[in-house]
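A quick write-up on the structure given underneath.
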Amino acid sequence: MKVLVINAGSSSLKYQLFDMTNENVLCSGIVERIGLDGSRLVHKLNGQKHVKDQEVKDHRVALKIVLEILTDKTYGVIGSMKEIDAVGHRVVHGGETFSGSVLIDEKVMKALEDNIELAPLHNPPNIMGIKAAKELLPDVPHVGTFDTAFHQTLPKKAYLYAIPLRYYEKYKIRRYGFHGTSHFYVSHRTAEILGRPIEELKIITCHIGNGSSVAAVKYGKSIDTSMGFTPLEGLVMGTRSGDLDPAIVTFLQEKEHLSYKEINNILNKESGAYGLSNGLSSDMRDIENAALEDHNEVAKLALDIYDYRIAKYVGAYAAAMNGVDAIAFTAGVGENSPYTRADVCSYLEFLGLKIDNAKNNIRGKEAIISTEDSKVKALVVPTNEELVIARDTQKIAKSIKK
Ligand code: AMP
């Protein structure tokens, strides 16, 4: 079975085509700057990049271009569109409606539209991607996989905020959590690498990228996670503040005469490592280089605060699970920064965690990076959200064929 996985963002559309007989990625790519000047397709095949500058007015055109390249004589991997058996879509917000992947029918489309209010930036482009794909590939099953789904097992004590309960009842204000597909994949892979059933393990997964979150995965179920009602809560991120005293919001609004939109923009786009480093960069590679090589003090402080926040969450989640067996690092920074991993783990020696510096000196590869005698294991596990979406899509597509 061949499964096309689509991740539609506000101005981009990423794709991967899987051959599920061996779970191989046949090709992948991205259509960038949809609806903007300078739009283009970047298609990856056999480790080679093929770039095509082209006007792309909307998601439908973007998907048409993708389908053309998939069937192209030179750069394509399939003879015709008929070889695509199913399409898997990444959807950011499933609200309380979805706790797993689903076949997208009319009812599901309606539920997705109803959830727009919860994810105004993310769900509309996801919906546009689904609509375009259903139109261009009308005869195959379309499956939705939700970033929030894995965290639907959170107990009430973890997902309710201490504001009047009526706001949960009226507006569904609660912790949803995000990066669920990544936390699911990484926790399961961690158990496999350790050679133990996930049902016996307490795992803390640290998805540290441009957006970041930590999850407490107890016996295979997410019981707490650092992102909340929106992806703004929790860790210090590239440009997002993460946790702060909510009174700062109203204080700043009053002092600086800021509108709701302006304060939202400051907390989402001008804060985090970018804000702390005085606008030096939101990219942790730049922050690390400035801090460690150029001895830039502001960058070093930003890096210290960034790592410290991760360590505090890991400590909290060890308490939430009354213990921890393994801590796994993933995503851009988690997979590629030995410094941040070592710095975070240096706070966790009290748990019996010992890092092996030689083993930790790796990038982008699966590895156990703790010492043999470390009570708590530390690992690097590159995430693979697309594979989870492809597997779920295959499973659902097969079940409806029966
Ligand atoms: P993601 O959102 O998962 O793509 O992660 C992006 C983040 O990973 C950016 O802040 C990158 O700077 C960071 N990153 C990628 N490679 C490295 C590296 N070698 N060292 C530190 N950070 C890195």
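Each reported figure results from applying straightforward, stated rules to the coordinates on display, with no laboratory input. Here the structure is a predicted model, which means the values were calculated and not measured. Ideal geometry is used to build each Cβ from the backbone, glycine not excepted, and the neighbour counts take in all protein chains shown.
Check whether at least one residue in the stretch 191-199 is closer than 25 Å to residue 348 by Cβ, within 16 Å of the ligand (Cβ to nearest atom) and touching a residue at least 60 places away in the same chain (Cβ under 8 Å), and report yes or no. No, that holds for no residue. Scanning the stretch 258-274 for residues that are more than 14 Å from residue 301 (Cβ to Cβ) and touching a helix residue (DSSP H, G or I) at 6+ places or on another chain (Cβ under 7 Å), which turns out nearest to the ligand (Cβ to nearest atom)? Among residues in the stretch 258-274 that are more than 14 Å from residue 301 (Cβ to Cβ) and touching a helix residue (DSSP H, G or I) at 6+ places or on another chain (Cβ under 7 Å), the one nearest to the ligand (Cβ to nearest atom) is 263. Within the stretch 131-158, the set of residues being within 19 Å of the chain's Cα centre (by Cα) and assigned to a helix (DSSP H, G or I) comprises 149, 150, 151, 152, 153. For the criterion of being of a type in the set (Lys, Arg) and within 12 Å of the ligand (Cβ to nearest atom), residue 285 passes.
Tell me, please, whether a residue that is among the acidic types (Asp, Glu), surrounded by fewer than 12 Cβ atoms within 10 Å (Cβ to Cβ) and not in a strand (DSSP E or B) can be found in the stretch 17-35. Within the stretch 17-35 (the criterion being among the acidic types (Asp, Glu), surrounded by fewer than 12 Cβ atoms within 10 Å (Cβ to Cβ) and not in a strand (DSSP E or B)), the answer is no, since none of the residues qualifies. Scanning the stretch 113-129 for residues that are β-branched (Val, Ile, Thr) and under 21 Å from residue 57 (Cα atoms) returns a single hit, 127. The helices (runs of 4 or more DSSP H) found wholly in the stretch 274-388 and carrying at least 3 residues that are without any contact (Cβ under 8 Å) to a residue 24 or more places away in the chain occupy 284-292, 297-320, 357-360.
Considering only the stretch 104-111, I want to know if a residue exists there that is closer than 24 Å to residue 228 by Cβ and either in contact (Cβ under 8 Å) with a residue 12 or more places away in the chain or in a loop (DSSP other than H, G, I, E, B) (or both). Yes: one or more hits. Against the list (1) exposed (fewer than 14 other Cβ atoms within 10 Å of the Cβ); (2) away from the ligand (no atom under 16 Å from the Cβ), the condition residue 294 fails is (2).
Look at the stretch 306-344 and say how many of its residues are within 16 Å of the ligand (Cβ to nearest atom), more than 19 Å from the chain's Cα centre (by Cα) and not β-branched (Val, Ile, Thr).
4
Scanning the stretch 189-218 for residues that are in a helix (DSSP H, G or I) and out of contact with any helix residue (DSSP H, G or I) (no Cβ under 6 Å at 6 or more places or on another chain) gives 189, 190, 192, 193, 194, 199, 200.
Evaluated against (1) more than 25 Å from the chain's Cα centre (by Cα); (2) on the phi > 0 side of the Ramachandran plot, residue 53 falls short on exactly one condition, (2). In this structure, does residue 277 turn out to be farther than 24 Å from residue 158 by Cα, within 22 Å of the chain's Cα centre (by Cα), within 16 Å of the ligand (Cβ to nearest atom) and of a type outside the set (D, E, K, R)? For residue 277, the condition - farther than 24 Å from residue 158 by Cα, within 22 Å of the chain's Cα centre (by Cα), within 16 Å of the ligand (Cβ to nearest atom) and of a type outside the set (D, E, K, R) - is not met.
Given 274, 313, 306, 317, which one is surrounded by 17 or more Cβ atoms within 10 Å (Cβ to Cβ) and over 25 Å from residue 204 (Cα atoms)? Criteria check complete, one pass: 274.
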